Amino acid sequence: PRAFNLGTMTQCLPAAGILRLRSQLRLAFSDPITRFFPHAPESKRGITVFHLLTHTSGLRGHSAGAGIMRRDGAANAILSLPLAYPPGTHYAYADDDYQLLAAITEIASGLSWVDFVKREFLVPARMSSTGFQGGDWGHKGADGMRSTARDIYRWGIDIPDARTVVGAESRDAETPLEPERTEPPS
């Protein structure tokens, strides 16, 4: 089968990884990013995992980690940009949110992003034609995968039973609501 760039569809894997780690009690949606990036600038300390998942972090960048091979260097590049708006106040799509989620997945799981995705999702779903492209952090969690129609179908048939994707049952105590989607001021 012919593989193609998944583009933004890649972002379902960092989201699924965060849900898996949450079900394993390794992180919470309410965790501030300082739990994973203790040297985050003061202006970013109010950003939570939930803000990253819902594109409400206020991060201005779009692939600020492009060309940077090391996770910490890419995270620093992403977090060094000024905020576009205070965390949680607006919605704005940003790849950098999901690049940080891939980094958080590495930190919380103790595995590399590639090893975590393979072990937790690709191998169990028999997605043998799905892989990674580009080694820099500008693409890790946002648009750095390729796959085939057959593998996407395999992923899709696993999703109706969310326990297949995220592991254990969801914890009712921390079910997120979709944030109000307001655009940031121009």
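What the table below lists for this structure:
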quantity: Additional length obtainable on full extension of the chain from Arg60 to Gln24, 0.36 nm per residue less Cα span; calculated: 9.9 nm
quantity: Size of electric dipole in region 1-70: Cβ of Lys, Arg +1 and of Asp, Glu -1, about Cα centre, debye, nearest 20; calculated: 140 debye
quantity: Directionally averaged shadow of region 1-74, computed from the convex hull of its alpha-carbon atoms, nm²; calculated: 6.6 nm²
quantity: Sites matching chymotrypsin sites (Phe, Trp or Tyr not before Pro) across region 1-110 that sit in DSSP coil, with at most 10 neighbouring C-beta atoms within 10 Å; calculated: Tyr93
quantity: Heavy-atom accessible surface of region 59-108: percent carbon and sulfur, 1.4 Å; calculated: 55 percent
quantity: 1.4 Å probe accessible area per residue over region 1-149, in Å²; calculated: 41 Å²
quantity: Kirkwood-based Rg to Rh ratio, region 71-126, C-alpha trace; calculated: 1.08
quantity: Relative contact order [Cα under 8 Å, 6+ residues apart], region 1-97, whole percent; calculated: 26 percent
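The values are calculated or read from the model by the stated rules, or taken from the named source; none is laboratory data. A quick note: this is a predicted structure, and the numbers were derived from the prediction, not measured. A quick note on method: Cβ atoms are made from the backbone with ideal geometry, for glycine too, and the neighbour counts reach across all protein chains shown. The area values use the complete protein model at the heavy-atom level, side chains included, leaving out ligands, DNA and RNA. Shrake-Rupley method; radii C 1.70, N 1.55, O 1.52, S 1.80 Å.
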